[in-house]
1. Over region 2-99, calculate the relative contact order: mean separation of alpha carbon pairs under 8 Å at least 6 apart, over the residue count, as a percent.
2. Between Val99 and Glu45, take the C-beta separation as r, use R0 = 22 Å, and let me know the FRET efficiency to the nearest 0.05.
3. Would you work out if region 1-44 is rounded, prolate or oblate? Take a ≥ b ≥ c from the square roots of the eigenvalues of the alpha-carbon gyration tensor; rounded if a/c is under 1.5, else prolate when a/b is larger than b/c, oblate otherwise.
4. Pull up all non-local amide H partners of Ser28: gap of 5 or more, or a different chain, and H-to-H distance under 5 Å with H placed in the peptide plane.
5. Return the sequence-ordered ³J(HN,Hα) values of region 69-77 in whole Hz as given by the Karplus equation 6.51 cos²θ - 1.76 cosθ + 1.60 applied to θ = phi - 60°, using x for Gly and Pro.
6. Could you give the length gained on full extension between Glu90 and Tyr3, defined as 0.36 nm per residue of separation minus the Cα-Cα distance, in nm?
7. List the residues, sorted by chain then number, that are 5 or more residues from Trp68 or on another chain and whose placed amide H is less than 5 Å from its amide H.
8. Looking only at region 82-98, which residues have a backbone nitrogen under 16 Å from a spot 7 Å from the Cα of Asp71 in the C-beta direction?
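A short reminder: the numbers here are calculations on the coordinates, not readings from a lab. If you're wondering where the values come from, they're calculated on a predicted model, not measured in any experiment. Cβ sites come from the backbone with ideal geometry, for glycine too, and all protein chains shown count toward neighbours.
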Amino acid sequence: MSYPVSYYCPHCGAVFELDREGYLSDKSVTPYPLVGWEYADPDEEFESADGVRLVCGEGDVGAAGVRWTGDRSDADDVEDPDLESPCGREFYLSFVRFVDGEEVEPRPEPTHTTVAGEGPGGPRGTRGPGGPGGPSGFGR
Ligand SMILES: [Zn+2]
């Protein structure tokens with residue numbers, strides 16, 4: 001048994017409905033994929049994936065059931081309420097994941113550390129002479 005659930009685009013606030021199975025919980029709608037989540041397209045079997053990759057204003061695909069209502073959310077966390085809507089940008093609906101009965105928390109986005117230049121490399125030391133490699137004696 002599925003039923004429509006309303007979400008909105010995190011970029012522009014465009015509201016859409018998605019048919020969802022009752023037993024799955026949503027975690028969040030984010031403008032970027034969560035680390036470790038696998039996303040399906042809305043016309044795929046997304047209920048077996050970890051989430052759905054959506055494009056704002058696209059994917060009006062009957063049975064899979066993404067419906068853009070034409071409304072716009074005025075929620076505080078809409079990134080750019082002045083953006084043209086639908087904005088055509090990607091965003092990600094993530095389901096709650098459980099591993100061994102424990103809810104998986106998404107890892108924070110990896111921080112982009114800049115490598116501070118090359119350390120003083122200097123010329124590599126010249127190799128010392130190889131050890132004595134004397135001819136292996138043959139015979140007796
Ligand atoms: Zn949008």
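1. On the way: 221 pairs, mean separation 40.3, N = 98.
The value is 41 percent.
2. 0.60
3. Details: a/c = 1.79, a/b = 1.15, b/c = 1.56.
Because a/c hits 1.5 or more and a/b fails to exceed b/c, region 1-44 counts as oblate.
4. It is Ser94, by chain and number.
5. Rounded to whole hertz, the list is 7, x, 7, 9, 6, 10, 4, 5, 8.
6. Extending this stretch completely gives an extra 29.0 nm.
7. Correct list: Glu17.
8. Backbone N within reach: 86.
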